[in-house]
Amino acid sequence: MIRIVIAEDQQMLLGALGSLLNLEEDMEVVGKASNGEEALALVKKHKPDVCIMDIEMPGMTGLEAAEKLKGEDCKVIILTTFSRSGYFQRALKAGVSGYLLKDSPSEELASSIRSIISGRRIYAPELMDDIYSEQNPLTEREREVLELVADGMNTKEIADQLSIKTGTVRNYISTILEKLDVKNRIEAITQSKEKGWFK
């Protein structure tokens, strides 16, 4: 019997997924969570074979929970509406066994779970195309600066936080705008969020 924990913040979808998987003769849903923290607690308690997680959930996201489960016996499958290459890259780094999209047919989920249990990794094909075309062009420091901008810090606050000069922060910001081909900070933040490049 394949033991499964599901983490999904939309209650109706959580219920539907649970019912669907319980219909499979070789599967049993042993826990349902509505965020990443609950999922981690259920994995600890029930020691399931698989944890299926949405990404965007209140509190701890599915990706954060997956990063904490790295190296555990439980295999993680991300099930999301977001086919963003940044999310996918983070999921790969966290060692997830599957990354599937919610618009896939339901029978595909059950067969993917069986394949993953037998040691395979399953990723939505459209993501494999994206990952080669959509690398984040920013350096680690540029990403750091942009995330602080997104947190609402001004140039001086960023300079203080990173122990650099305000002129250096301005240079970083103009490089970021140029690399992302956007006109202002808001567009830079929006684009990075849409592509899932923010941590």
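The values are calculated or read from the model by the stated rules, or taken from the named source; none is laboratory data. Bear in mind the structure is a predicted one, so any value in this text is a computation, not a measurement. Methodologically, a virtual Cβ is constructed for each residue, glycine included, from the backbone with ideal geometry; neighbour enumeration extends over all protein chains shown. With ligands, DNA and RNA removed, areas are computed over all heavy atoms of the protein, side chains included. Shrake-Rupley method; radii C 1.70, N 1.55, O 1.52, S 1.80 Å.
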When residue 81 is run through (1) in contact with a helix residue (DSSP H, G or I) (Cβ under 6 Å, 6 or more places away or on another chain); (2) closer than 18 Å to residue 193 by Cα; (3) not aromatic (Phe, Trp, Tyr), the failure sits at (1)
Residues of the range 170-199 being small (Gly, Ala, Ser) and in contact with an Asp or Glu (Cβ under 7 Å, 6 or more places away or on another chain), in sequence order, are none
Somewhere in the range 129-136, is a residue in contact with a Phe, Trp or Tyr (Cβ under 9 Å, 6 or more places away or on another chain) and surrounded by fewer than 16 Cβ atoms within 10 Å (Cβ to Cβ)?
-> yes
Restricting attention to the range 70-83, the residues that are within 10 Å of the chain's Cα centre (by Cα) and open to solvent by less than 10 Å² (accessible area, probe 1.4 Å) number exactly 2
Picking from 47, 68, 75, the residue that is within 18 Å of residue 27 (Cβ to Cβ), of a type in the set (D, E, K, R) and touching a helix residue (DSSP H, G or I) at 6+ places or on another chain (Cβ under 7 Å) would be 75
Quick count over the range 84-125, residues being open to solvent by 60 Å² or more (accessible area, probe 1.4 Å), free of Cβ contacts under 8 Å to residues at least 40 places away in the same chain, more than 19 Å from residue 197 (Cα to Cα) and not hydroxyl-bearing (Ser, Thr, Tyr), is 7
Here the residues within the range 31-69 that are open to solvent by 30 Å² or more (accessible area, probe 1.4 Å) and β-branched (Val, Ile, Thr) are 61
| query | Just to be sure, is residue 164 β-branched (Val, Ile, Thr), open to solvent by 20 Å² or more (accessible area, probe 1.4 Å) and either over 30 Å from residue 29 (Cα atoms) or under 19 Å from the mean Cα position of the chain (by Cα) (or both)? | reply | yes
Expected output for the range 145-173 (first residue closer than 17 Å to residue 188 by Cβ, partner of a type in the set (Asp, Glu) and open to solvent by less than 60 Å² (accessible area, probe 1.4 Å), Cβ below 9 Å, 6+ apart or cross-chain) is 172/142; 173/142
